[in-house]
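The values are calculated or read from the model by the stated rules, or taken from the named source; none is laboratory data. Bear in mind that the values here come from a model prediction, so they are computed numbers and not experimental data. Positions of Cβ are generated from backbone atoms using ideal geometry, with glycine treated the same way; all protein chains shown enter the neighbour counts.
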């Protein structure tokens, strides 16, 4: 295959419609949930610590090595995209230079250079977050955080897409915050000109764009609360006051219990984490880590430090 044939093939491979044939992105969300539920099932067969932790570390390292090879090996990248491309977001795919536009000696060697390098996929952060949860938290907290990541995270995106793209009734947090900010500005400080620019240079069009939605965050919070009951159910009423449910016993032998208020708090904080994760916050001047990494750490930490 010549370099002239490659651009056309790349265009087909990178065409957004071939990656996302439906607005709900069901394939990626189903894969996300199935991966987490499979890891949960394995944790009931393989001891989470130390065997499970060692296997997770190996899997995380192997995934990172595979991604590093994608950056430099076009054949490996093409093989990877053919099999898993439909599960990747656009910035996780990357691009190669078109054949005739190659730079330097790439035209001589027949190899192309990267135009844009792919970002680490969310699946890597999924494995990393699960590994750190297994290392840092009790088994009950780690399993609960993995269940929340597997269910609540895709539910937030699914409900947000359903209300926004199909029912046309949804409000993104960006739009809500933009409108609130505009309402607080003194009269006359907003420039109502064609490009919609504010006096500080920010764009109304950009700030009213997509992103996490209010209804998606509500769904995420409710799903999180329900997930906490899977491994930390309400304590049974016993005449002698002793908890006999093994799922509610921590590694130290203490009974784990979550009040309804704490469960709601975990749900609200998890929804807020899902909304801001992976986004650049002007207040701190940096981009937060991926939600697949942040959610299990936030949930596990809240459960371990908040359980009574």
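Any idea which of (1) closer than 14 Å to residue 144 by Cα; (2) at pLDDT 90 or above; (3) surrounded by fewer than 20 Cβ atoms within 10 Å (Cβ to Cβ) is the one residue 265 doesn't satisfy?
So the condition that residue 265 fails would be (1).
Consider residue 99 carefully, then state whether it is under 30 Å from residue 151 (Cβ atoms) and at pLDDT below 95.
When the stated conditions are applied, residue 99 does not pass them.
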